[in-house]
Amino acid sequence: MKWMVAAIAVAAVCVYNAPAQTTYLYNGSFSQGVAPYGDPASWDAGEVSATTGLWRDSVDFHSAPASLGVMRIDTGNGGSYNQAFRNASRLPAAPGATFTWDAWVKVDSSNGGSFQLVVHTSCGTYWTECASGGWVTLHMFNAPNGGWQQYSGTGTVANGATWGLLRIWTSGIIAYHIDDIRINGQNEVVSILTGERHPISMVGVAALQPTDHVSVYSPSGKLVASTTKAQLGRLPAGAYVMRAGQQRMMQVQVGR
């Protein structure tokens, strides 16, 4: 396998070749938590009902260090845990085109409840659900499944879509965990693991925006810093490995 080592600074980050596709989902592995309670970064619980519990579970997960745990204790609609595709370039595919998805799910118990993964799109600047194909159920889960299992499939973005949401929609009495959600094979914008050496499996970060999120991890997977593409050159000099989700992108050398 070939290796690539590059010296980067703030002004030199864009020397890499652009990846073949944009990364569409942030923190689909629920690895990153935010203060003060460690809630999953980049996800919004604003539409979740008061009788639905959500937590970043660092004990029960498919891949370390965490998954999303959910427990609903009431019948009816429990609401939606969301991540926004904030503009057309962040949609899982161009309007009218098909995308792939996969996720690891563990349904612990269900008493008539269910949850579903949904891509919900708007065909306006403000929220206007696309009249045709605006609500795409990727998969519905409604019974215990015996432990962590991977599910996958395809979906199609509605014609005319301008932005949208990935929804984890819960109804009825159910308890479950979900982890490692990926859209088009990716689940992170960019992560950097320190102190490791790996061959190239993807190329470049030039397509990332200056404000796109970057995380720095220790070899054990501990989050040690958060920054942006524009701030990469401020990292301490040393060896890092960039990746998208669990796919390593390239070996880089940060130096001055």
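Any read-out appearing in this document is the output of simple, stated calculations on the displayed coordinates, not a laboratory observation. Remember, predicted model here, so these are calculated numbers, not experimental data. Virtual Cβ from ideal backbone geometry, glycine too; neighbours counted across all protein chains shown.
Hey, fewest Cβ within 10 Å first, where do TYR176, TYR126 land in order?
TYR126, TYR176
Once you place label points 7 Å from the Cα toward the Cβ at ALA50 and GLN150, how far apart are they in nm?
4.2 nm
Write down the Å³ per residue value for the convex hull defined by the alpha carbon atoms of segment 33-183.
In segment 33-183, the Cα convex hull volume per residue is 113 Å³.
On a full-extension model of 0.36 nm per residue, what is the gain between THR128 and ASP60, subtracting their alpha-carbon distance, rounded to one decimal in nm?
20.7 nm
For THR100 and ASN77 in the same chain, what is the full-extension length gain: residue separation times 0.36 nm, less their Cα-Cα distance, in nm?
Value of the extension gain: 5.6 nm.
Counting only other residues whose beta carbon sits under 10 Å from that of THR51, what net charge do I get with K and R as +1, D and E as -1?
0
Please list the non-local residues whose amide H lies under 5 Å from the amide H of GLY113, H modeled 1.01 Å from N, same-chain partners needing a gap of 5 or more.
Residues meeting the amide H criterion: ILE173.
How large is ³J(HN,Hα) for each residue in segment 44-55, as worked out from phi by the Karplus curve 6.51 cos²θ - 1.76 cosθ + 1.60 (θ = phi - 60°), to whole Hz, x for Gly and Pro?
10, 9, x, 9, 8, 6, 5, 9, 10, x, 10, 7
Just to check I understand the Karplus step: with θ = phi - 60° and J = 6.51 cos²θ - 1.76 cosθ + 1.60, what whole-Hz values come out for segment 68-83, glycine and proline as x?
Along segment 68-83, the couplings run 9, x, 9, 9, 10, 10, 9, 7, x, 7, x, x, 9, 9, 10, 9 Hz.
Filter the trypsin sites (Lys or Arg not before Pro) in segment 70-118 down to the DSSP loop ones having no more than 14 other Cβ atoms within 10 Å, then list what survives.
ARG86
Report, by chain and number, residues whose modeled amide H sits under 5 Å from the one on ASP108, excluding near sequence neighbours (fewer than 5 apart, same chain).
ALA175, TYR176, HIS177
Order these by the 10 Å Cβ neighbour count, fewest first: THR162, THR125.
THR125, THR162
Counting other beta carbons within 10 Å of each residue's own, what order do TRP135, TRP163 fall into, fewest first?
Least to most surrounded, the residues fall as TRP135, TRP163.
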